[in-house]
Amino acid sequence: MTALVVLLAAAVVSAPESIDALQKELASRRAHIGVVEARFTHEHVTPDDVLRSTGSVLYVRPRRVIFRWEMPDEMTYVADGTELYEYDPLLEQLRILDLAGDPEAEALFFGFEDDLSRLRKAYDLELIKPGDVPGASVGLQLRPKPREDDAEDAPPPLFEWVKLYLRSKDLLPCRVEILNNTDSHVVMCFADVRAKATIDDPKRTELHVPAGTTVVHDEERSETVGEGGKIVLKALDPWIPKTPPAATEDSAANQ
């Protein structure tokens, strides 16, 4: 009953009427959140098939997001600042991509951060109605802006658009829809979302790969990891809010 009351109370919170208003809401509701954890289901829809997978996500300030796929294959994706790490244990390979010159890389963090300024440089943002998405009170659509250096050899946009649906309590994501192109559509739903100020065990933010892993940096092979494995990304120091945090601990009951 308590969970139902909390859910109904969150549902009546008025949605922001502009992107600027949303920015203020994000700054207020996410100011004391340094860690977000959730489970996710992932569907990749193509004309020929629907590929379903599950996993978990861990976001930790400053600017590290760790996606761990569990089914059907184990994969780990880490966005850390301006670098993307893709670890495939089946291939025994770690790919590291430098995204420093790609403003669209901000999309990797937009579901968790409290500042839209960097995102607005790369994308046109538009508030949309959440429709019947369970638990959502705010919808936000992103479309990549045309690039000034639109040369023939420039990389294509990461996607045509993204629709992000946010829940009332802290404006954290509950659903993401991505249109890659006319033949590829992704839907990711989040559950058991938990938010708090600091990480309980900083080692959970590490990226460790075992011996024998081939490391490919920007498409060039750089090394094969030796005996004992290698910590590719060191643990982050716990983030400390500038002001005493409000009650940010959350549970699935508030989803």
Completion exercise
Within the range 92-125, residues being free of Cβ contacts under 8 Å to residues at least 40 places away in the same chain and farther than 27 Å from A197 by Cα number 8
Practice task
Among the residues of the range 175-220, write down those that are part of a loop (DSSP other than H, G, I, E, B), touching a strand residue (DSSP E or B) at 6+ places or on another chain (Cβ under 6 Å) and of a type outside the set (S, T, N, Q).
Solution key: I199, E206, D218
Exercise for the section: Taking the options A195, A211, A136, A191, name whichever one is buried (at least 20 other Cβ atoms within 10 Å of the Cβ), modelled with pLDDT of 90 or more and more than 19 Å from F109 (Cβ to Cβ). Expected result: A136
Problem - the range 69-82, residues that are under 26 Å from P238 (Cα atoms), in contact with a Leu (Cβ under 8 Å, 6 or more places away or on another chain) and surrounded by fewer than 16 Cβ atoms within 10 Å (Cβ to Cβ) - result: T82
Practice task
Taking L91 as meeting all but one of (1) among the hydrophobic types (A, V, I, L, M, F, W, C); (2) in contact with an Asp or Glu (Cβ under 8 Å, 6 or more places away or on another chain); (3) farther than 20 Å from L164 by Cβ, write down the number of the exception.
Solution key: (2)
Practice task
State all residues of the range 83-130 that are β-branched (V, I, T) and either surrounded by 14 or more Cβ atoms within 10 Å (Cβ to Cβ) or out of contact with any strand residue (DSSP E or B) (no Cβ under 8 Å at 6 or more places or on another chain) (or both); if no residue qualifies, say none.
Solution key: I96
Exercise for the section: From the list D98, D88, pick out the single residue that is of a type in the set (D, E) and in contact with a His (Cβ under 9 Å, 6 or more places away or on another chain). Expected result: D98
Practice task
Enumerate the pairs (first residue in the range 47-65 and in contact (Cβ under 8 Å) with a residue 60 or more places away in the chain and more than 14 Å from R204 (Cα to Cα); second residue anywhere and of a type in the set (F, W, Y) and assigned to a loop (DSSP other than H, G, I, E, B)) with beta-carbon separation below 8 Å, excluding pairs fewer than 6 apart on the same chain, so at least 6 apart or on different chains.
Solution key: P62/W239
Practice task
Quick one: which residue in R143, R61, R95, R68 is of a type in the set (D, E, K, R) and within 17 Å of R30 (Cα to Cα)?
Solution key: R61
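The values are calculated or read from the model by the stated rules, or taken from the named source; none is laboratory data. If you're wondering where the values come from, they're calculated on a predicted model, not measured in any experiment. Glycine also receives a Cβ, built like all others from the backbone with ideal geometry; neighbour counts cover every protein chain displayed.
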